[in-house]
Every structure is written in C-alpha cells, then in structure tokens.
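The values are calculated or read from the model by the stated rules, or taken from the named source; none is laboratory data. Keep in mind that this is a model prediction, so the values were computed, not measured. Neighbour counts run over all protein chains shown; Cβ positions are idealised from the backbone, glycine included. Note: areas computed on protein heavy atoms with side chains; ligands, DNA, RNA excluded. Shrake-Rupley method; radii C 1.70, N 1.55, O 1.52, S 1.80 Å.
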Amino acid sequence: MEPGNNTGVSEFLLLGISEDPELQPLIFGLFLSMYLVTVLGNLLIILATISDSHLHTPMYFFLSNLSFVDICFTSTTVPKMLLNIQTQSKAITYAGCITQMCFFFIFLELDNFLLTVMAYDRYVAICHPLHYTALMTPQLCGLLVLVCWILSVLHALLHSLMVLRLSFCTHLEIPHFFCELNQLVQLACSDTFLNDLVVYFALVLLVTCPLAGILYSYSKIVSSIRAISSAQGKYKAFSTCASHLSMVSLLYSTGLGVYLSSAAAHSSQSTSTASVIYTVVTPMLNPFIFSLRNKDVKRALKSIFGGKT
C-alpha cells in the first residue's frame, strides 16, 4: 500500500467506550461524576497541604504534586470525551490528537516518577530517620520534582515526534476514548518498526527502572520494620507508607495489566474499557486512599471546613 501524506489528515474519529446510542447518557453521567470527584478530591488534598503547616513536609509536598498531576492527567482525556458525547461527534483534529497524546504521556510518566520519588522519601524516613531532615531538604525535593518533569516531557516529546513522522491513509477510526499511542500507530500505513522499537524500549526503561527503585526501597523498608522490636513501632512505621504502597499497586497492576492483556488478546474494545481503570478510576481514588487513614490530612480537611481538632 502506498503511504498517504499525513499533512492531508485533518481529523481522527474516537469511537469511545461504546457506540450504542442508548448507553451514551449513562456513560456521560458516569464519567462526568468521576471527573468531578477526581478534581474536587485532589484539589482538597492540595488545599490541605498548603493550608496546614503540619503538612509542610517532603511527603506531603510530593503528595500535593501527585494530586495536581492526577487532575491534569484526567483532564487530558475525559473533557474531550464528554464533549464528543454531548455534541454527538467523534471527531478530534490531527493536531488535537497529537497534543492529547503528548500531555497524556507527560502526566502518566509524572505519576510513575512521583510514586518512585515518594518511595525514596519513605525509605529515607524509615531507614534513616535521624538523617531525614538533613537528606530530604526543600532544595532536593524541588530538584527531584523538576527532574521528574524534565524526563516526562522529553519522553512525551519523543513519542509525539515519532508519530509525526508517520503517514496515515483513509481508515482513521481510533477504537478508544482518547488518542492512545498504540491504537494511533496501528492506523499508520507507513512503516512503524521504529515506532514499535521506541515504544518497547521506553516501556522497559521508564517502567522497569522506577518499579525496580520502588521495590528496592520497600525491600529496605521491610528489613528496617522487621528490626523494630515493638509491635506498635512496626505498625506506626508501616502505616506511614501503606497509602503509597496501595497507590503503587493500583497504578502498576492496572496499567501493566491493560498493556499485557491488549498484547495478548488484541481486543480494542476490552482494552479501551480496561484503560478507564488507570486513566480515570486511579486518579479518582488517590485522595481517598491518602486521606481516609491519614490523621494529619483528615485534621487539615476538618480545619478547612471549620471543624475543631
């Protein structure tokens, strides 16, 4: 097949979760509710960490950054999906699709890197408590977040530039509710070997390395907790990283599960549905996971709403 000219591509069609017209109002209401809960919940976490001086620590600094990223992460996909349902249109412009994909990768990788940095923070706090203040300085925390942003932006730009080199023909339907990279590459009628190579290399490098860092941190944390003599001390040490460990498990299990299942089953519809978990549900659950069992956050939230502590 002769490759088409990608300059002639004006728009793609996002087929969404389901093409059944009767399900569209239900999907719209469900995603709108989840989006509002995500934005409100994460904004409350950010507001709590800013307003309460007890939360001006590295752990909550990283948590507020994670909440901001989760708001942006969900905002890259859900509003466009809601707009398409409301206007009964499936179209997204070529430039809009590339832009959405780029920002999606930025915030996805930021989630990944911030969780890794938070694991390092818990490692220092539990394994080197006497040196925690000296090691986790505001300057280092700011530098770590900056490095996370730089790596995420470079990674997203790499994939975006790789897609820009592709040529697309006539079949421009994306069986997803956002411009997902793998689905986009499959629509190309030019050679995608280099794109596939970059995708797999980036997946190994930018997922395996952070995950290895998290696992290493927690192996040291578990060793330190086991060395604590009192049961109360063990519980207190573990409770400081339980929320973070829950988020790591949720993000990696759902994200990797989606890509492994899609590689095995090649079912676009099931992949699209499963992607909802890590693109929408996980950011929505973050505020609940980090606040429900966290006395400091609950105290700050009560203070915001005029409650007595």
Hey, what number do you get for the chain at 222 nm if only DSSP H runs of n ≥ 4 count, each worth -39500 (n - 2.57), divided across all residues, to the nearest 500? -24000 deg cm²/dmol
How large is the accessible surface of I150 in square angstrom, using a 1.4 angstrom probe and rounding to the nearest 10? 90 Å²
Of R165, R226, R122, ordered by accessible area with the largest first and a 1.4 Å probe, the sequence is R226, R165, R122
I want to check a number: in the chain, how many lysine pairs have alpha carbons closer than 23 Å, given a sequence separation of 8 or more or different chains? 10
Of the heavy-atom accessible surface of the chain (probe 1.4 angstrom), what whole percent is carbon and sulfur? 68 percent
At least 30 Å along the helix axis (C-alpha) and Kyte average at least -1.0, DSSP helices within the chain: 24-51, 94-127, 138-164, 231-265
Computed accessible area, F305, all protein chains, 1.4 angstrom probe, square angstrom: 150 Å²
Cysteines of the chain without any disulfide-compatible partner (other Cys Cβ under 4.7 Å) are C72, C102, C127, C141, C148, C209, C241
At 20 °C in a medium of viscosity 1.002 mPa s, the chain has a Stokes-Einstein diffusion coefficient, with Rh taken as the Kirkwood radius over alpha carbon pairs, in µm² per second, of 102 µm²/s
Springs between alpha-carbon pairs under 10 angstrom, Gaussian network model over the chain: which of L13, L30, L82 fluctuates most? L30
Among the GluC sites (Glu not before Pro) within region 1-92, which fall in a DSSP loop and have no more than 14 other Cβ atoms within 10 Å of their own Cβ? E19
Amide H of F177 versus every other amide H placed in the peptide plane: which residues, excluding those fewer than 5 positions away on the same chain, fall under 5 Å? G16
Please arrange L211, L205, L166 by accessible surface area, largest first, computed with a 1.4 Å probe and ligands excluded. L205, L211, L166
Heavy-atom accessible area ranking, 1.4 Å probe, most first, across Y218, Y200: Y200, Y218
Any idea of the accessible area per residue across region 1-118, 1.4 Å probe, to the nearest Å²? 45 Å²
